[in-house]
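Every number in this text was worked out from the coordinates using simple rules, so none of it is lab data. As the structure is a computational prediction, the values presented were derived from the model and not from experiment. Reconstructed Cβ throughout: ideal geometry from the backbone, glycine too, with neighbour counts over all protein chains shown.
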Amino acid sequence: MMDTAAIREKQAIALSSVLAGLALTGMKLIVGLSTNSLGILSEAAHSGLDLLAALITLFAVSVSDKPPDEDHQYGHGKMENVSALFETILLLVTCGWIIWEAIERLITRSSHVEATIWSYGVIVVSIVIDISRSRALSRVAKKYDSQALEADALHFSSDIWSSLTVLAGLVFVSLGYTSIDAVAALGVAVLVLFVSYRLGRRTIDALMDRVPKGLAQKIEKSIRTVDGVEELRSMRVRMSGARVFVDATVGLRRTMPFERAHLIMDEIERAIHAIRSTADATVHAEPFQGPDETIIDKVRMIVVNEGLRAPHNLEVHQSGGKYFIDFDVEYSEGSTFVEAHALALGIEEKIRSEIPSAERVTIHLEEFLPVEGELTHATAEESDLCEAIETLVLSDRRIRGCSDIAVLKHASYLHVTLTCMLDSTKTLAEVHQIVTQVEAQLYQNFPRVRRFMIHGEPV
C-alpha cells in the first residue's frame, strides 16, 4: 500500500484543486452576470461543475487509499473510477445546458454582451490558474498512477482551451459581432463533449476491468524472461484504481526442488513490480516436463512424489531400446513386509506408465530409521567397543589412522561415527570402495551397532 507521505501529497493536490475551483467559479459567475456574457457564464457553469468534480475527486482520493478490509479485499481503488464516472456525467449535463442556451441566443438574438476589462481579466486569470493546477495534477497523477487526479487534470486542461475560445469570442464581441459569443459557447461545449467522451471511455474501461494498452504485453514479456520459467500457461490482469492485480500460472520443471521453484516465483513477482510497483501479483506454478528430462530424473520424481526420500544407488542401463532400472528406496519405520511390497509395486507401476520402454524395474527396499538421541563420546562402558573398532579399522593397511570415535545411543541400538585417514593420492571412487569394505567388516563383527558412519580425511 501507499505510504503516508504519498497519501498526503495526493490529498493536498486534490484540496488545492477544490480551492482553485471555488475561486474561479466565483469570479466567472460575478463577471458573467455583470457583462451578460454567455461564454463567461458557460465557463462559470463549467467551473462550478469542475468544483463539484474536484470535491468528488478529493473524496475519492481519501477513500481509495484505504487498506483492504473484510468487505473490500481488493482494496478501495475502484472509488477513483466511480468518481471519474460522476465527473463524466456532470460534464455531459454542462454541455447540454450550454448548447441549449447558445442555440436559443443565436435564434432569438435577445442578449446583450459587454466585453469589459473585467471579462478579459477573469478569462486570463482562469487560463493561468488552469495551466498551473493542470500541470500539478498531471505530475502527481503520473507519479502515483491516480485515475481520479488524472481525470481532474484532464478537466482543467480542457478548461484552458474553452477559456481561449471564450476569449476569442470576447474579442469578436468588442468588434461588434455579438453573436460570436454564443458561437464561442458552442465551441466550449464541443471541447467539453470531446473531453467527456475520452474520460467516459477510460472510466467505463476501468470499471469493466479493461487492461491499459500494452500493460499485459509488458508483464507477459517480463515473466517469460525470468530464468527457470518454461512456459506461461495463463495470465490475467485487472485494475483497481491505481493498483494492478496480476494472476499468472507458469510451468516449471517438475524435477525442480521446491525451494528453487519458490525463488523463481519470487523473481517473477519482482519482474512484475519493476513494471508496476503497486502491482499485487499471485503466481501459481504447475509441473512442466522438459524434452531433455532423463530417465533418472523421471524415477527420482516418481519416488519423491510418493512421499519418500530420494532413491539412492540408482542405476539405469539400456539394451536394445529397453531400459533396466535398479535402485534402493527407504520406507517408513514399522511398515510390514506386505505394506512395503505394495508400495514398491505402486512405484513400479508408475515408472512403467511414465517410461513405457522400461523392461525391468528392480526396487530394493530399506527401512528408514530416523535417529534421535543424545550423542555421547566413548564412556568407560563403551571403551572396549571403541578399542575393538579402532583395532579392526587399522588392520586394513589402506587406513592411515583412526580417530574421533563417538557413540550415538538410540533405543536398543548403537550408532557409531568415526574418522579414517587415507592417502590423499587416491581417487574419490577408491576412497568410497575402501570405506564400503571397512563398513562391511564392522557390521559383520559388531552386530549390536545398527549404523556405522565413516568420514574420510586425506593425509
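For the reader, a short list of remarks on this structure follows.
- If R0 is taken as 45 Å, the Cβ-Cβ distance between residue 128 and residue 227 corresponds to a FRET efficiency of 0.25.
- Cα gyration tensor, the range 215-288 - rounded (a/c under 1.5), prolate or oblate: prolate
- Formal net charge of residues neighbouring residue 282 (Cβ-Cβ distance under 10 Å; K, R +1; D, E -1): -2
- Normalised contact order of the range 215-288, rounded percent, pairs of Cα under 8 Å and 6 or more residues apart: 36 percent
- Estimated at 0.36 nm per residue, the fully extended path between residue 366 and residue 23 surpasses their Cα-Cα distance by 114.8 nm.
- Spin-label pair residue 293-residue 395: with each label point 7 Å from Cα along the Cα-Cβ axis, the two points sit 5.0 nm from one another.
- Spacing of the two label points (7 Å from each Cα toward its C-beta) at residue 341 and residue 419, in nm: 4.6 nm
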